[in-house]
Amino acid sequence: MKKALITTGGGDCPGLNAVIRAIVKRAQQTNDWEVYGSMEAFNGVLRSPKEIIRLDDDKVAGIHARGGTILQTTSKGGPFNWPVQRADGSWTGEDRSEEMIYYLNKEGFKAVINIGGDGSQKISHELYKRGLNVIGVPKTIDNDLASTDYTFGFQTAVGIATDAVDKLVTTAESHHRLMILEVMGRGAGWIALHSALGGGAEVCLIPEIPYDIDKVLERLNQRYEAGKGFAIIVIAEGAKPKKGSVVARKSAEVGYQNVRLGGVAYQLSDQLKKAGFEHDIREMVLGHLQRGGTPTAYDRVLATQFGVKAMEMAINGEYGRMVSFLDHEITSVSLEKATQGQNLVDPEGFLVQTAKGVGISFGD
């Protein structure tokens, strides 16, 4: 029997379990593939004892409707930066990739299907260059991966954010307040843009369009002067003013390399008050609620398509590639291409123009 290993890395995302289930279901039809899962991305392979589980019908039954991942996930550690504590108590990262590749080859794993975002697929690409048979599956609620039109989890996150806008409208109207909703997305404004359009916000601030606080104030004053006693702003966590920087801080967690975004809603609130905005303001950081819960039907279907395609690529020996959704087709692209650049909002694109067409201000 041939063995395939599934890993889920980076942030959790609605639809991960649907991918896992689809891979297992498709493999069962071949009668010569077994599927295993490594707990917490590649960490399950690197730990001693190993944390690798057999995935069968019983393990994946009904999981397509569940959020999160039955294999768990992490943004720490990994084959190229395994945390090792020095004698003085400080920490360093150790490259254990060759050791891991040797173990997987020795144990007969013919394919590794790595489900993850930009950072995870860069790991996929590097492991492939070092001789491991890797297939990537794109995953992120941010929808910022290059070479795929959409990633699963995005539509679920947008639905949660839009529902939050809807709820904030009623409390904003009741109290005559400005409500600022901060959503995820890191350097991409897709969640903010879609939820602002879907929820009918007055202002949408995204990383791709640095904002002028005076322009934001002007749009809000226009609304209040027109007799509308409340307003909604949706701001992406990576948004920044024209003469400012992103609100971020370095994490103190061992093995976590990304900066932590968050808090831009409070910065915007202070900026508006200093600029002369006279009405009550309340801020809400939606945070990890966008990652949790049941995936939408759209994300379950897309994730299932990705899982089936990934397993078929393993069967056909199509390694060094990432599953992709391009022009309404499930296809694949090289990992090298997939990890070059990001999928960002086009400031001149049709979605931004649509938003401006219904009066949404981007502060530009």
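Before moving on, here are some points about what is shown:
- Total residues in the stretch 70-93 satisfying the condition of being loosely packed, with under 14 Cβ neighbours inside 10 Å and in contact (Cβ under 8 Å) with a residue 12 or more places away in the chain: the figure is 1.
- Scanning the stretch 148-172 for residues that are part of a helix (DSSP H, G or I), crowded, with 18+ Cβ neighbours inside 10 Å and either outside the structural domain of Gly198 (by TED's automatic domain parsing) or in contact with a helix residue (DSSP H, G or I) (Cβ under 9 Å, 6 or more places away or on another chain) (or both) turns up Phe154, Gln155, Thr156, Ala157, Val158, Gly159, Ile160, Ala161, Thr162, Ala164, Val165, Leu168.
- Hey, Arg54 touching a Ser or Thr at 6+ places or on another chain (Cβ under 7 Å), among the basic types (Lys, Arg) and surrounded by fewer than 17 Cβ atoms within 10 Å (Cβ to Cβ) or not: no
- Any chance Thr304 is outside any helix (DSSP H, G or I) and either buried (at least 19 other Cβ atoms within 10 Å of the Cβ) or modelled with pLDDT of 95 or more (or both): no
- Verdict on Ala41 being closer than 20 Å to Thr151 by Cβ and assigned to a helix (DSSP H, G or I): no
- Search result, residues across the stretch 173-202 that are buried (at least 23 other Cβ atoms within 10 Å of the Cβ) and either polar (S, T, N, Q) or part of a helix (DSSP H, G or I) (or both): Trp190, Ile191, Ala192, Leu193, His194, Ser195, Ala196
- Taking the criterion of being surrounded by 15 or more Cβ atoms within 10 Å (Cβ to Cβ) and closer than 17 Å to Val165 by Cα, the residues of the stretch 270-291 that qualify are Ile281, Arg282, Glu283, Met284, Val285, Leu286, Leu289, Gln290, Arg291.
- Scanning the stretch 201-232 for residues that are of a type in the set (Gly, Ala, Ser) and free of Cβ contacts under 8 Å to residues at least 60 places away in the same chain yields Ala226, Gly227, Gly229, Ala231.
- A single member of Val333, Val323, Val264, Val259 is surrounded by 15 or more Cβ atoms within 10 Å (Cβ to Cβ), closer than 18 Å to Pro207 by Cβ and touching a strand residue (DSSP E or B) at 6+ places or on another chain (Cβ under 9 Å), and it is Val264.
- Residue selection: Val345 fails the criterion of being surrounded by 19 or more Cβ atoms within 10 Å (Cβ to Cβ), of a type in the set (A, V, I, L, M) and in a strand (DSSP E or B).
The values are calculated or read from the model by the stated rules, or taken from the named source; none is laboratory data. Computed from a predicted model, the values in this text were never measured in an experiment. Here Cβ is always computed from backbone atoms with ideal geometry, including for glycine, and neighbour counts include all displayed protein chains.
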